[in-house]
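Here is the structure we will look at.
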Amino acid sequence: MAHVRDGFPPQTNIVRVDGQRASLMTVLKNGDVSTLDIISRIRALLPFIASQLPPQLRITPLSDQSIFVRGANQRCGP
């Protein structure tokens, strides 16, 4: 017998940014989709998402792994 579920357990830790409580949303790539394409699409959507939120909420990207992908692409060449 096994317990099968689709997803992860709810986050139970507290996230702080600059000493203030925050929410953290992680975006993970799946399959053959380009990391650079995913990041560019997400960054393009952020202004629209922010416009739908209360002005007190700030959206701040904390980590962007596409920097490493770009660096690897430049070293490897076309």
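The values are calculated or read from the model by the stated rules, or taken from the named source; none is laboratory data. This one's a predicted model, so the numbers in the text were calculated from it and none came from an experiment. Counting neighbours? That spans all protein chains shown, and the Cβs are built from the backbone with ideal geometry, glycine included. These accessible areas exclude ligands, DNA and RNA; they are computed on the full protein's heavy atoms, side chains included. Shrake-Rupley method; radii C 1.70, N 1.55, O 1.52, S 1.80 Å.
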Open item on the list: Just checking, does region 57-66 include any residue being outside any loop (DSSP other than H, G, I, E, B) and modelled with pLDDT under 85?
Closed with: yes
TODO: Take region 52-66 and flag every residue that is within 15 Å of Leu28 (Cα to Cα) and either in contact with a helix residue (DSSP H, G or I) (Cβ under 9 Å, 6 or more places away or on another chain) or not small (Gly, Ala, Ser) (or both).
DONE: Pro61, Leu62, Asp64, Gln65, Ser66
Open item on the list: Taking the condition of being assigned to a loop (DSSP other than H, G, I, E, B) and over 28 Å from Gln20 (Cβ atoms), how many residues in region 30-56 meet it?
Closed with: 5
- [ ] Take region 15-25 and flag every residue that is open to solvent by less than 100 Å² (accessible area, probe 1.4 Å) and out of contact with any strand residue (DSSP E or B) (no Cβ under 6 Å at 6 or more places or on another chain).
- [x] Val17, Gly19
